[in-house]
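Written out below as structure tokens is the structure these notes cover.
The values are calculated or read from the model by the stated rules, or taken from the named source; none is laboratory data. Keep in mind that this is a model prediction, so the values were computed, not measured. As a convention, Cβ positions derive from the backbone with ideal geometry for all residues, glycine included, and neighbour counts pool all protein chains shown.
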Amino acid sequence: MSDLTPRPLVGLGLQPEQRSYRPHVTMARRAGGVAVPENGPPITWQADRYALVESRDGVYTVLREYS
């Protein structure tokens, strides 16, 4: 995704972000008061599918699933 050109966004009147694209997995959101363990075991898992999800105002919409 980081190689996609921002020109279509500009053509729609949108301003592309200047920061580099950084894929991530959100492990906890709005988890106030929860401490992250300093020396926990590594987290590993095998995924047989994944999804592109849009987040708007706390509402998540699956845009596409991959397997």
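Of Arg30, Arg56, which residue is without any contact (Cβ under 8 Å) to a residue 12 or more places away in the chain, on the phi > 0 side of the Ramachandran plot and basic (Lys, Arg)? Reasoning before the result, please.
Values: Arg56 fails: on the phi > 0 side of the Ramachandran plot.
Answer to the selection: Arg30.
If a residue must be surrounded by 10 or more Cβ atoms within 10 Å (Cβ to Cβ) and at pLDDT below 90, how many such residues does the stretch 41-51 contain?
Within the stretch 41-51, the subset surrounded by 10 or more Cβ atoms within 10 Å (Cβ to Cβ) is 50-51.
Next cut, at pLDDT below 90 only: none.
Residues in the stretch 41-51 being surrounded by 10 or more Cβ atoms within 10 Å (Cβ to Cβ) and at pLDDT below 90: 0 in total.
Quick one: count up the residues across the stretch 4-44 that are of a type in the set (D, E, K, R), part of a loop (DSSP other than H, G, I, E, B) and either farther than 24 Å from Tyr60 by Cα or over 22 Å from the mean Cα position of the chain (by Cα) (or both).
Our first condition is that a residue be of a type in the set (D, E, K, R); within the stretch 4-44, this holds for 7, 17, 19, 22, 29-30, 38.
Restricting the remaining residues to those that are part of a loop (DSSP other than H, G, I, E, B) gives 17, 19, 22, 29-30, 38.
Okay, now just the ones that are also either farther than 24 Å from Tyr60 by Cα or over 22 Å from the mean Cα position of the chain (by Cα) (or both), so 38.
Adding up the residues that qualify gives 1.
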